[in-house]
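In what follows, a single structure is set out as structure tokens and then discussed.
Just so it is clear, none of the values below were taken in a lab; they were calculated from the coordinates. Bear in mind that the values here come from a model prediction, so they are computed numbers and not experimental data.
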Amino acid sequence: MEINGTNHTRSCYQSWWWRDLVNFCGEGEGVGWFQQALVWNIRSGNSVRFWEDSWIVDNKLKDIYPRLFSLSVNQGMIVGQFGFWDDYGWHWNLNWRRGRFQWESVMEEELLSILSTGVLHRGSKDFITWRGDAKGVFSVKSAYSILVDQRNGSDNDVFKLHWKAKALPKVLITAWRILLDKIPTSKNLISRGVDTNSPLCALCNLSEESTQHLFMDCDVAYRVWMLCFRWIGIGSSKQGHM
Ligand SMILES: [Zn+2]
């Protein structure tokens, strides 16, 4: 059964049992809770469609960038067909029907910045893990917990609501990277072995530059935020945790 595609139910709709199961999993309302609880672990990109599956962010790239999707000559193709390997590693290669306008090129750069957060692994196959369990293994108990959390409104809803917000893709992507702690702070760069001049915050030079510090704790950044809030006419509190 192909779980993450659209063909897996077509031949099975004759079965009432299967139809009920599919309805329970949320199919028919776009991506249901069951699919959202599945996480694609990309290796060689051999199983997942680049535009049409949710694999690098919690949304389909064709829904985030419908304009770029319409320009792509590789619609329906898998991740591993969007680039090539050489001696230095994997290189993304996005092919378009025509040259891009300036604003489309900006989107392409944003898309490439998203892709830079994912690393392909040569020679091994993509696989699925289950979000509801620390080891990634499905169990009825964990599925039940996800449904209960969903009904009560859990932190996971932040991620779902996030992509529905009416904001520019660039803003959504930056906010998403903050939520996942994928901002290139000194702390994150050092943890990846990148040499930085200093682990300290470039704004205040007092604390380690982490995502939490930059966006919640830094006094210098806080003053900038307050100026922004004053400019758009809303109040704010510094109390918070990411
Ligand atoms: Zn600081």
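Miscellaneous remarks
- Greater than 18 Å apart at Cα, pairs in 141/164; 60/166; 62/164; 60/141: 141/164; 60/141
- Taking θ as phi - 60° and the Karplus parameters 6.51, -1.76 and 1.60, the scalar couplings of the range 226-231 work out to 5, 4, 5, 4, 5, 4 Hz in sequence order, x denoting glycine and proline.
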